[in-house]
Number of protein chains: 2
Amino acid sequence: MSDDRLSRVFSALADPTRRDIVARLAAGDATVGELAEPYDVTVQAVSKHIRILEDAGLVSRSRDAQRRPCHLRAEVFDLMTKWIERYRREAEDRFRRLDAVLEQLDEPPVPGTGTGTPTEEAAS
Amino acid sequence: MSDDRLSRVFSALADPTRRDIVARLAAGDATVGELAEPYDVTVQAVSKHIRILEDAGLVSRSRDAQRRPCHLRAEVFDLMTKWIERYRREAEDRFRRLDAVLEQLDEPPVPGTGTGTPTEEAAS
DNA sequence: GCGTTACACAACCAAACGGTTGACTACACC
DNA sequence: GGTGTAGTCAACCGTTTGGTTGTGTAACGC
């Protein structure tokens, strides 16, 4: 894993336990102990997971006596959504263009329309 | 990493080289050799990366003689977008509700309105 | 002050990851 | 059939990951 922001975010969400933690934090803030309760791993392991989410910028922790309430920072999702949408759109546009070309190829060239676009050129 | 679909997709995109490959495939199909060319790693390493993208359902490979052209399957992005949007929306809704509560707290209780919501109750 | 609670830090371990080299398969071209 | 090209498979290696246990520490309740 590289240490750039996007890599950290994707990598953080690649683990189902961490995705579950994010899902639960979306419903409301929670302490480390509360978050650890449903899983049959140690609190330390969950603490590590939270640290990774924190490093990725997905979670922030505050202080309340000896408790460390965790809070979801949903803004970071934008980073992913932007990346995903960019390439999805690009790929879909390309797909549409390809479709158009295939349609062009399907239609026999109409003589005398003066488009100057013979089939061979479209296929190149 | 678990082997469920979403984990595989996030995990596949956690690597910058693989994200780059996806970005390039968004611009058009390419062979393994073409994809490997810009990086200073072996073709085998890139072949492995493509395999991981394929396992995640992000890429499909066809056959053209001894070449194996790679094609981006942008549909899988939906899986991620849905997951992300769901919890983003949940978190934002919660944030809005919290905002409303804080506004309630800011406003001094108007006597005689009959709302029956003293400040202490809202703070509990 | 003393025990308890809620966590973090450090060291360790097995498994997975990203990379390598070397050998192999599949096809095209002469 | 022999050679070159495109790519995969297999074994290996160092590093990272997700987990453990054990210890340390800050704050509360008595």
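The values are calculated or read from the model by the stated rules, or taken from the named source; none is laboratory data. Everything quoted here is computed from the prediction, not taken from an experiment. Cβ sites come from the backbone with ideal geometry, for glycine too, and all protein chains shown count toward neighbours. Heads up: the accessible areas ignore ligands, DNA and RNA and are worked out on the full protein's heavy atoms, side chains in. Shrake-Rupley method; radii C 1.70, N 1.55, O 1.52, S 1.80 Å.
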Place a +1 charge on the Cβ of each Lys and Arg in segment A:1-49 and a -1 charge on the Cβ of each Asp and Glu, then give the dipole magnitude about the Cα centre in debye, rounded to the nearest 20. 160
Sparse-neighbourhood loop hits (trypsin sites (Lys or Arg not before Pro), segment B:1-99; DSSP loop; Cβ within 10 Å at most 14 others) -> B:Arg63
As computed over segment A:5-72, the Cα convex hull volume per residue (Å³): 75
Roughly speaking, what is the stretch gain from B:Gln44 to B:Glu85, that is 0.36 nm per residue apart minus the C-alpha to C-alpha distance, in nm to one decimal? 11.2 nm
Less than 23 Å apart at the alpha-carbon level, and either on another chain or at least 8 residues along: which lysines does that give for A:Lys82? B:Lys82
Quick one: buried accessible area between B and A, total over both chains, 1.4 angstrom probe, nearest 100 Å²? 2800
